[in-house]
Amino acid sequence: MSSLFAGPAAAQGVPPAETIVRARRELIMFHGQSNAMGTGGNPALTVQQAYANVGFNGGVRPGIDPVAMTGLVPLVEYDGGHGTGGEVGTNACADGLVEYTASAGGVPFAAQYSRYSAFTSGEGGRPIGYFASFLDDANLSGYPGWNDSQLRLKAMLSLMRAEAQAEGGSIGWLATTWQQGEADSTGLIETRQSYKSKLIALERCHWLKLCQVDLPEQGWRPLWLIAQVCSHNSYGAGSMAFCNPFIALAQRDACLASPYLRMANPQYLFDYADESALGQPMLHLTNESHRWQGRYFARALYQLIQDRAAGVALRNPSLDMVQAIVVNARTVFVVFNVPAGILTLDTTWVAPTRNYGLDVRDASGAIVPASESDDNLIESVRVIAGNTLQLRLQADLPSTASMISLGWGDPAEPPSIAGRFGGPRSNIRDGAGDNDLYVASDGTTRPMHNYALVGDVALS
């Protein structure tokens, strides 16, 4: 597994000035809307404490009930109680970080210094502005979601501080995970640019107005990991998000622009709950998918901790397009950031989709056709190097061609499906799962490959 963690892959931006200082008890805060709360995750799967990780006495979803935030108890997932119940993935994330530190770092659990606390600060069905405090820097208030998160965070830090004082330890805010964007995909408010700007600003607000205020002894910014939203097809063909994943693209844009935000994985690789009986599209992960998402967060956290400990820029832990090179009128090379192993075209886990998810588009985002009767300009896709795909075209590249898109979706497919069986997705992965396996709740194993992010890259 050492190849997964050998060094930064395509580090971006300027290295942060601060270097991580590990604490005895560290917080991982799940954040966002319904998928961050485990909606669709019944029943809970991770119901026994494996290590020394803790959560609120009222569970991983305390809501705003003060009685649910009066003590620390073993971190487990649960059914019933506050929120929707079921698996969230907080436990899988915290446990996974312990296990990656042991397997990749060579430090067994008993010798590890840090222990983790976790909870989810999700708010069902809310747009990004609901979580924000985009006011002047001196104003610490915000919209209801911001105030709710602040309440939960203050309660957790208070409990962690009391534990540290009793045991002579220290506390830190290690990371925030972000699962949100479904509400903004069809909200007719946010654009790709506005969501990108607000996400970057939200991370800054957390640092400036929460961490620096409530945890002033911490001199470095908590990590911020994003699970790329995947529901832009399931709203239906009448939605502005149908085959135009502008929120998923905005999340990627924010990560490319910020030295602090990073994408853990695209969520199209998971199974989604069939919620047609509720009269709604496939928006929520299954319980196994929530648990597996926690493991993807854990791996990315471990990798980024290594960068912070070394004082270097955070790597891009995702499989992601970085360049599209026009070789000649009918050939394009697409170069990727490949975290582990080599590029692989794989239709065994994620269902096949046209051109493995790739298309040629113009500046407006419209597909560039081969002719009036054929909307697919791409003739073939093949791997020609460990980090490069070759696209062969069936007609000369027209002057209107502006970019290569990946994972935007095929308009010919049913509009009501999300996840690995339908909707926007790709069949492009790396080899991270060759040596890194997720053990599902039924004991079966699944490769922890990195699947390519939904994205686009300009032709050059």
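The values are calculated or read from the model by the stated rules, or taken from the named source; none is laboratory data. The structure presented is a predicted model; accordingly, all values stated were derived computationally and were not measured. Cβ sites come from the backbone with ideal geometry, for glycine too, and all protein chains shown count toward neighbours. What goes into the accessible areas is simple: the full protein's heavy atoms, side chains included, and nothing from ligands, DNA or RNA. Shrake-Rupley method; radii C 1.70, N 1.55, O 1.52, S 1.80 Å.
Listed values, structure above:
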read-out	value
Residues whose placed amide H lies under 5 Å from that of residue 403, excluding near-sequence neighbours	361, 459
Selected from 216, 423, 70, residue furthest toward positive end of dipole (the chain; charges at beta carbon)	216
Computed accessible area, residue 154, all protein chains, 1.4 angstrom probe, square angstrom	90
Residues with amide H under 5 Å from that of residue 285, placed H, sequence gap 5 or more	273
Whole-Hz ³J(HN,Hα) from phi, Karplus 6.51 cos²θ - 1.76 cosθ + 1.60, for region 436-442, glycine and proline x	10, 10, 8, 9, 6, 5, 8
Share antiparallel - DSSP beta bridges, the chain, percent rounded to 5	60
Anchor residue 209: lysines whose Cα lies under 17 Å away (excluding residues fewer than 8 positions away in-chain)	154, 198
Inter-site label distance for residue 19 and residue 147 at 7 Å from Cα along Cβ, in nm	4.2
Value in Å of the Kirkwood radius, where the chain supplies the Cα pairs that are averaged	22.3
HN-Hα J in Hz across region 96-108 - Karplus 6.51, -1.76, 1.60, θ = phi - 60°, x for Gly and Pro	x, 5, 4, 6, 5, 5, 6, 7, 8, x, x, 10, x
Gain upon complete extension [residue 112, residue 208; 0.36 nm per residue less C-alpha separation]	31.6 nm
Charge dipole magnitude, Cβ of K and R +1, D and E -1 - the chain, Cα centre, debye nearest 20	920
Under-5 Å amide H pairs with residue 142, H placed in peptide plane, nonlocal only	147
Taking N as its residue count, the alpha carbon Rg of region 321-404 over 2.2 N^0.38 Å	1.10
Cα centroid separation - region 334-372 against region 100-136, whole Å	32
Region 36-50 versus region 399-460: alpha-carbon centroid distance in Å	25
Accessible area (Å², 1.4 Å probe, nearest 10) - residue 388	20
Kirkwood Rh and Cα Rg combined as Rg over Rh, evaluated for region 237-313	1.07
With all protein chains modelled, accessible area of residue 161 [1.4 Å, Å²]	70
Whole-Hz couplings from phi, Karplus 6.51/-1.76/1.60, listed for region 308-324; x for Gly and Pro	5, 5, 8, x, 10, 4, 5, 5, 8, x, 9, 6, 8, 5, 10, 7, 10
Under 14 Å from residue 196, Cα to Cα: aspartates and glutamates that are on another chain or at least 8 residues apart	184, 253
Dipole of the chain, positive end: most advanced residue of 459, 334, 169 [Cβ charges, Cα centre]	169
Segment residue 394-residue 366, length gained on full extension (0.36 nm per residue, minus Cα span)	8.3 nm
The chain, helix-only ellipticity at 222 nm - DSSP H runs n ≥ 4, -39,500 (n - 2.57), divided by all residues, nearest 500	-6500 deg cm²/dmol
